[in-house]
Each structure stands twice: as structure tokens, then as C-alpha cells.
Amino acid sequence: MTHSSILETIVSSGVIAVIRLKDRNKLLKVVEAISAGGVKCIEITMTVPGAVDMIRELSGKVAKDVILGAGTVTDVETANHVIDAGAKFIVGPVLNTEIIALCKRRGIVVMPGCFTPTEIHTAWKAGADIVKVFPATSLGPRYFKDLAGPFPDIRLMPTGGVTIDNVGEWIQAGAVAVGIGSDLLDKKAIEEERYDVLTDRAQRMVRNFREARK
């Protein structure tokens, strides 16, 4: 897939599942379960031990319509490693313009983490494809409405505080996509290997997202 097609898929599907699962034996089943429910964009965070190897392993096993990415990427070295492993998009918790420049050179979608209007504008001018607003828990959907005035063209994505039930509020406030972790990836269901629960939650998430887009 090209850079533009990956970005288009992320924006059209609108949901990125943020996975911090340490059990590698369950990872593929989790990805398969949520992708069956319609969530096709998967972010593996670097906070998980062996995350680069997980991306490399998954990239050869997931369905062709699943897009793997790397999250919590804070330096260029790690960015290079995850791209080499098969990541098609990179998400950061902070703004690092060197990572943006690297991703532009390598044709990878990049979503740096920002908090203030100055950071958001700086990231966009540097070439960010989507600006991740983090931690969105502290700001809420109203913040996105306020940003739409001065920044009508900047694509924004909240991470932190997004749930299956409130996703519509973020989209209606101006977000082009959302990042969601724990509320989608039910910890108890994963422990009990009840993957149908994850599929059901993914379906609800996608349904609520699409309803808000209408």
C-alpha cells in the first residue's frame, strides 16, 4: 500500500486500536478478533517488551486489509526499526520533527503527539499526516471544536479518554479518527480468551463511529 492509500484507510476507517498486550501467543488472536469486527488499523506500542519483533511477526500473518503501525515511538532509531519490521504508520506521544522528516522520506504515515495549539501547528507545518492530541482525557471534545476555528484543515486524532460510547462526541467535534485502547480491548475477555467479546466491541465501536460521521 502507498502512503496515500494508508492515510486514506486510516481516515475512512477512523479507529486505531492501541494494543499493549504482553502475551505474544494471544496477540494474533486479538488482532484477528477486532479486525473481524471492523477495526483494521492496529497500533503496537513500544512500551511492550519485544514490540519490534511483534510487529515483524504480525506483518507476515495478518490479513491484507489490516494495517499495522507502531506507537509510543519517541526517537528516530526506533522509528527506523519499526518501519523495517513492517510498520505502515508511526504514532508518537510527543512532537519529534526528526521522526516526521524520517517518515516523509520513507513514505510512512506519521502521527506525532501534541497538546498545545503551538505544538499542533508546528507538527502540521513539519508534515504530520494526522496530529494525535494527547492526553485527550485532560482536554475533551470541546477542545477539538475550539481548534477548528484557527486550524480548520489540520487532521486531529484524540488518544486517551476515548470510549466505545463517546466516540461520536469526538468525531462530531472535528476529530478525523480516534485511538482507543482499554475500552475496546477488554482485559478480562482477553485473559479468558473470549475473543468474540472483542469482535462485538469492535463492531459497536465502528458502528458508533459511522453513525457520528453521517
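All of the numbers you see were taken from the coordinates with simple rules; none came from a lab. Note that this is a predicted model, so its numbers are computed, not measured. Glycine also receives a Cβ, built like all others from the backbone with ideal geometry; neighbour counts cover every protein chain displayed.
In region 110-152, the ratio of gyration radius to Kirkwood radius, Rg to Rh, stands at 0.93 when only Cα atoms are counted.
Distance between the pseudo-spin-label points of LYS188 and THR137 (7 Å out from Cα toward the beta carbon): 2.0 nm. The peptide list 145-153, 103-111, 35-43, put in order of mean Cβ contacts within 10 Å with the highest first, becomes 35-43, 103-111, 145-153.
The amide H of CYS114, built 1.01 Å from its N in the peptide plane, has LYS132, VAL133, PHE134 as neighbours under 5 Å, considering only residues 5 or more places off or on other chains.
Treat the chain as a sphere of radius equal to its Kirkwood radius over Cα pairs and apply Stokes-Einstein at 25 °C in a medium of 0.890 mPa s; give the translational diffusion coefficient in µm²/s, rounded to a whole number.
145 µm²/s
Which ³J(HN,Hα) values, rounded to whole Hz and listed in residue order, are derived for region 11-21 from phi using the Karplus coefficients 6.51, -1.76 and 1.60 in 6.51 cos²θ - 1.76 cosθ + 1.60 with θ = phi - 60°, glycine and proline given as x? Once rounded to whole Hz, the list reads 5, 6, 7, x, 10, 10, 7, 9, 9, 10, 7. Each stretch of four or more DSSP H residues adds -39500 (n - 2.57); spread over every residue of the chain, this sum gives -14000 deg cm²/dmol at 222 nm. Of all lysines in the structure, the ones whose alpha carbon falls short of 16 Å from that of LYS145, not counting any fewer than 8 places away in one chain, are LYS132.
Note down the Stokes-Einstein diffusion coefficient of region 101-214 in µm²/s, whole number, using a Kirkwood radius over alpha carbon pairs, 20 °C, and 1.002 mPa s. After rounding, the answer is 142 µm²/s. Quick one: go through region 15-43 and flag any residue whose amide nitrogen is under 13 Å from the point 7 Å out along the Cα-to-Cβ line of ASP53. Under 13 Å, as judged by backbone N against the label point of ASP53, lie 23-25 of region 15-43. Near the amide H of ILE67, within less than 5 Å, lie the amide hydrogens of CYS41, ILE42, all on another chain or at least 5 residues away, with H placed in the peptide plane. Listed values for region 84-96 are Karplus-derived 3J(HN,Hα) couplings in whole Hz (6.51 cos²θ - 1.76 cosθ + 1.60, θ = phi - 60°), namely 4, 7, x, 5, 9, 8, 10, 10, x, x, 9, 8, 10, and x replaces Gly and Pro.
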